[in-house]
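Beneath this line is the structure, given in structure tokens, with notes to follow.
The values are calculated or read from the model by the stated rules, or taken from the named source; none is laboratory data. Here the structure is a predicted model, which is why all the values come from computation and not from measurement. Please note: Cβ atoms are built from the backbone with ideal geometry, for glycine as well, and neighbour counts cover all protein chains shown. Remember, those area values only see protein heavy atoms, side chains included, never the ligands or the DNA or RNA. Shrake-Rupley method; radii C 1.70, N 1.55, O 1.52, S 1.80 Å.
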Amino acid sequence: MSPPPSPTALVLLGTLGTLWGLTPAVGKLAVAGGIGPVGYALLYAGFAAAILGGVVTAQRAHLPGHPRALGFYAVSGLIGFATPGTLTFVALQHLPAGLLAMVLPTAPLITFLLAAATGLERATPRRAAGVAVALTGTALALAPGAALPAGGSLRWAALTVLVPCCYALSNLFAVRFRPAGAPPLALAAGTTAAATLWLIPASLLFGQFRLPGADAATALAAGQGLLVATAYLIYFRLLTRQGGVFVSQVGYLIVLTGLFWGWVFFAEMPGALVLPAAALIFVGLALATRPSRA
């Protein structure tokens, strides 16, 4: 059983939710400035990889380099970082940042669905009901009149669902194929480095490759890379000391802080349906992530 959360753990959880909720707003600022989504994904992945690589070096952490570990980095970097990151920035060209913040917390719910389907998790009625309720709230959030403005494109809104699906697949892949004995920090560094390598040819293919320069896009990418690296460090510390159930509660904060940052940076005013949508997501998360009785 995990220990009760300390004041420090609660502060770190709040910080983690604030950082992850801020990510869509920073990305929207960048793509609104004209940089291509693949090119921006490459920049921020490169900065995140450099920061995490520096932390690994400073701590002299072990970074496995055998074929199984390299394969893990490659697949995890593709489905858990490069692909969802690019989809996020593509969608943010057409959608509010607050909408994406309401979709991201469905990743652990989709993970549970896939885990139950493959026999990795036991599908209890309570957890299944929680997933259904939260996904209903997400569908409501995607409807015009909620986080999607009136006249907004449902096609682009539907695209955002692929982002948590990618994260869910990445979670299951990590459970099955994570190299034994590899510290989480080293895996995060390897994953971001692999994502950077994936995004180099992708950015060349779409004509969006660019090196860092003295411009706003580079500054935002550096800031977002720092956000991602900091969030990884906080996430792994909480996961190790408090457990997955405690960390899963960050989903509530991502919804709230994501809507807040969308209002701060872009004056996004969600419609009346956003309140019942958020309530359904919160209730669903509570049902699905609450630990079962022994």
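Within the set 188, 168, 195, 217, the sole residue that is of a type in the set (A, V, I, L, M, F, W, C) and more than 15 Å from the chain's Cα centre (by Cα) turns out to be 217. Whether a residue is in contact (Cβ under 8 Å) with a residue 12 or more places away in the chain and either of a type in the set (D, E, K, R) or surrounded by fewer than 22 Cβ atoms within 10 Å (Cβ to Cβ) (or both) was assessed, and residue 122 does not pass this test. Is it fair to say residue 229 is more than 17 Å from residue 88 (Cα to Cα), touching a Ser or Thr at 6+ places or on another chain (Cβ under 9 Å), outside any loop (DSSP other than H, G, I, E, B) and among the aliphatic types (A, V, I, L, M)? So residue 229 passes the test. Among the residues making up segment 6-32, those that are surrounded by fewer than 17 Cβ atoms within 10 Å (Cβ to Cβ) and either within 22 Å of residue 104 (Cα to Cα) or touching a Phe, Trp or Tyr at 6+ places or on another chain (Cβ under 9 Å) (or both) are 10, 11, 14, 15, 32. Against the conditions (1) surrounded by 14 or more Cβ atoms within 10 Å (Cβ to Cβ); (2) free of Cβ contacts under 8 Å to residues at least 24 places away in the same chain, residue 237 satisfies every one except (2). Considering only residues in segment 256-277 that are touching a helix residue (DSSP H, G or I) at 6+ places or on another chain (Cβ under 6 Å) and at pLDDT 85 or above, the one that is surrounded by the fewest Cβ atoms within 10 Å (Cβ to Cβ) turns out to be 265. Does segment 100-108 contain at least one residue that is over 30 Å from residue 267 (Cβ atoms) and surrounded by 17 or more Cβ atoms within 10 Å (Cβ to Cβ)? Yes, segment 100-108 contains a residue that is over 30 Å from residue 267 (Cβ atoms) and surrounded by 17 or more Cβ atoms within 10 Å (Cβ to Cβ). Scanning segment 192-226 for residues that are part of a loop (DSSP other than H, G, I, E, B) and not hydrophobic (A, V, I, L, M, F, W, C), we see that the one that is farthest from residue 51 (Cα to Cα) is 207. Residue count for segment 257-273 satisfying the condition of being closer than 22 Å to residue 32 by Cα and not in a helix (DSSP H, G or I): 4. Every listed requirement among (1) modelled with pLDDT of 80 or more; (2) closer than 24 Å to residue 24 by Cα; (3) in contact with a helix residue (DSSP H, G or I) (Cβ under 8 Å, 6 or more places away or on another chain) is met by residue 148 save one, (1). Please verify whether segment 36-54 includes one or more residues that are at pLDDT below 90, of a type in the set (Val, Ile, Thr) and more than 19 Å from residue 166 (Cα to Cα). No, there is no match, as no residue in segment 36-54 is at pLDDT below 90, of a type in the set (Val, Ile, Thr) and more than 19 Å from residue 166 (Cα to Cα). Listed by first and then second residue, the pairs with beta-carbon distance under 7 Å, at least 6 apart or on different chains, first residue in segment 59-80 and touching a residue at least 40 places away in the same chain (Cβ under 8 Å) and within 19 Å of residue 195 (Cβ to Cβ), second outside any helix (DSSP H, G or I) and open to solvent by 60 Å² or more (accessible area, probe 1.4 Å), are 72/178. If you check 229, 214, 193 for being crowded, with 17+ Cβ neighbours inside 10 Å, out of contact with any Lys or Arg (no Cβ under 6 Å at 6 or more places or on another chain) and more than 18 Å from residue 26 (Cβ to Cβ), only one passes: 193. Here is the figure for segment 240-256: residues that are in contact (Cβ under 8 Å) with a residue 40 or more places away in the chain and either part of a loop (DSSP other than H, G, I, E, B) or over 14 Å from the mean Cα position of the chain (by Cα) (or both) total 8. Entry remark, segment 68-100: residues being under 18 Å from residue 184 (Cα atoms) and not aliphatic (A, V, I, L, M) number 8 in total.
One line per residue, one yes/no per condition, for (1) touching a helix residue (DSSP H, G or I) at 6+ places or on another chain (Cβ under 8 Å); (2) open to solvent by 30 Å² or more (accessible area, probe 1.4 Å); (3) of a type in the set (S, T, N, Q):
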{"site": "49", "(1), (2), (3)": "yes, no, no"}
{"site": "56", "(1), (2), (3)": "yes, no, no"}
{"site": "62", "(1), (2), (3)": "yes, yes, no"}
{"site": "66", "(1), (2), (3)": "no, yes, no"}
{"site": "69", "(1), (2), (3)": "yes, no, no"}
{"site": "84", "(1), (2), (3)": "yes, no, no"}
{"site": "87", "(1), (2), (3)": "yes, yes, no"}
{"site": "93", "(1), (2), (3)": "yes, yes, yes"}
